[in-house]
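For reference, the structure is listed below as structure tokens.
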Number of protein chains: 2
Amino acid sequence: MARAGLTPGRIISAAADLADTDGFENVSMSAVARHFEVKDASLYAHVRNLHELRSGVAVLSLTELADQVGAALAGRAGRDALVAFADAYRSYAMSHPGRYAATQMQLEPQVAEQSAAARHAAMTRAILRGYGLNEPDETDAVRLLHSTFHGFVLLERGGGFSRGPRPASASWERVLDTLHSSLSSWPSS
Amino acid sequence: MARAGLTPGRIISAAADLADTDGFENVSMSAVARHFEVKDASLYAHVRNLHELRSGVAVLSLTELADQVGAALAGRAGRDALVAFADAYRSYAMSHPGRYAATQMQLEPQVAEQSAAARHAAMTRAILRGYGLNEPDETDAVRLLHSTFHGFVLLERGGGFSRGPRPASASWERVLDTLHSSLSSWPSS
DNA sequence: AGATTTACCTAGGAAGTCTAGGAAAGCCCC
DNA sequence: GGGGCTTTCCTAGACTTCCTAGGTAAATCT
């Protein structure tokens, strides 16, 4: 009975890889167990249940995403920061589709708290600092940015932009231009 | 052995209701069978498999959404049309969460073709007619609108805007203002 | 080395998807 | 109104997945 060396971390990491290759909705206890050549029951010593496994992938992905966005953002401001943020966000979603899908999960408040959600919010607000908005405009702008990025990435990944000759990247740049000028000339409320 | 009167249409309609009440991911053959007080095997005479059941809900929802958006759009132009479109879109998503989730499904090309996807694209372009854009600007603008609406609605429904005192509706109006002025002063490429 | 803890096992219940083949309800036609 | 046909729903069962309970062997501690 050789041991496979299971730990919560290794299990969740394997589940995240599986999400990227096979889709987040196909992350199952059985599939992860097969990957480790172990019986599915063995996983329950490390992860409470399927929901916790998926939540684990979500928290991991949120953290990775925050790390990458944070790195891309370092030392930039204004328009540069906006573009760096957006590109980091989009490229994470494109290169890690399953992990990105996991970040959409509805997390229970306490799990969300322990996750990097707060860092995401802080970074988004940091970008806006360069545009000199005050509340509640800043909140509206955060929501606009987040919505646009999220929506674009989801539609692009879902193949929604595949029709027509215009590459998605070209539209993406145009979207960023538009957001930049909207933020620059934000009408005070 | 009284007959339940199953048809593909009634089954898919029941599945759509179930999606709204219990969540799209909980739409299962067994659950629909229970609703009709019928054995799950009986459904397979009308619907090929679970995937086809869900696709059916997606197509149904896309059609309903196109109908409602189309009705809201009738006789409007410019900013009015933009707001009517957006509000119809958002209100469908809020009142029919499960159906809206279904519209996000990845459909195989032929199914998507038979669906109302083309009508959605046409309506979005119709709105833009008032802003006098030319290709490829129009395509970029379609993608911007679609992304923003979609992203906003998803985040709002997922509870992403629940923190803070600012109601989502207030941000929504501000987002629409922003989109309107962006479209009005779209920089020609 | 012996005791304890930890990791993984077997066994099995409950629920879901889907196939194959059977019986009965509703319909057509004489 | 009864015979034959089609459609509708059934039972039975194979296979998968989630998860619990309790057992055994490996690693670790003293």
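Laboratory data are not the source of any read-out in this text; all were calculated from the coordinates shown. Predicted model, so just to flag it, every value in this text is computed and none were measured. A quick note on method: Cβ atoms are made from the backbone with ideal geometry, for glycine too, and the neighbour counts reach across all protein chains shown.
See the values below:
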{"read-out": "Closest Cβ on chain B to the rotation axis that carries it onto A (distance rounded to whole Å)", "value": "B:Gly151, 1"}
{"read-out": "Between segment B:114-180 and segment B:1-62, the Cα center-to-center distance that results, in Å", "value": "31 Å"}
{"read-out": "Helix A:168-184 vs. chain A, principal-axis angle (Cα, 0 to 90°, nearest 10)", "value": "50 degrees"}
{"read-out": "Phi to ³J(HN,Hα) by Karplus 6.51 cos²θ - 1.76 cosθ + 1.60 over segment A:107-112, Hz, x for Gly, Pro", "value": "9, 5, x, 5, 5, 4"}
{"read-out": "Cβ neighbours within 10 Å from other chains - mean over A:166-174", "value": "4"}
{"read-out": "Residues B:Arg3, B:Arg166 arranged by fewest to most Cβ contacts within 10 Å", "value": "B:Arg3, B:Arg166"}
{"read-out": "Charge dipole (chain A, unit charges on Cβ, about Cα centre) - positive-most of A:Ser147, A:Leu183, A:Leu53", "value": "A:Leu53"}
{"read-out": "Point-charge dipole on Cβ atoms (K/R +1, D/E -1) for the protein assembly as shown, about Cα centre, debye to 20", "value": "220 debye"}
{"read-out": "Residue exposure sequence - A:Ser162, B:Ser115 - by fewest surrounding Cβ within 10 Å", "value": "A:Ser162, B:Ser115"}
{"read-out": "Shape call, chain B: gyration tensor on alpha carbons, a/c limit 1.5", "value": "prolate"}
{"read-out": "B:Val111 paired with B:Ser181, simple spin-label distance in nm, labels 7 Å along Cα-to-beta-carbon", "value": "4.3 nm"}
{"read-out": "Per-residue [θ]222 nm for the protein assembly as shown (sum of -39500 (n - 2.57) over DSSP H runs n ≥ 4, rounded to 500)", "value": "-22000 deg cm²/dmol"}
{"read-out": "Point-charge dipole on Cβ atoms (K/R +1, D/E -1) for segment A:8-184, about Cα centre, debye to 20", "value": "220 debye"}
{"read-out": "Calculated FRET value between A:Ala77 and B:Ala41, using beta carbons and R₀ = 56 Å, to 0.05", "value": "0.35"}
{"read-out": "Cα shape, the protein assembly as shown, gyration tensor, a/c 1.5 rule", "value": "oblate"}
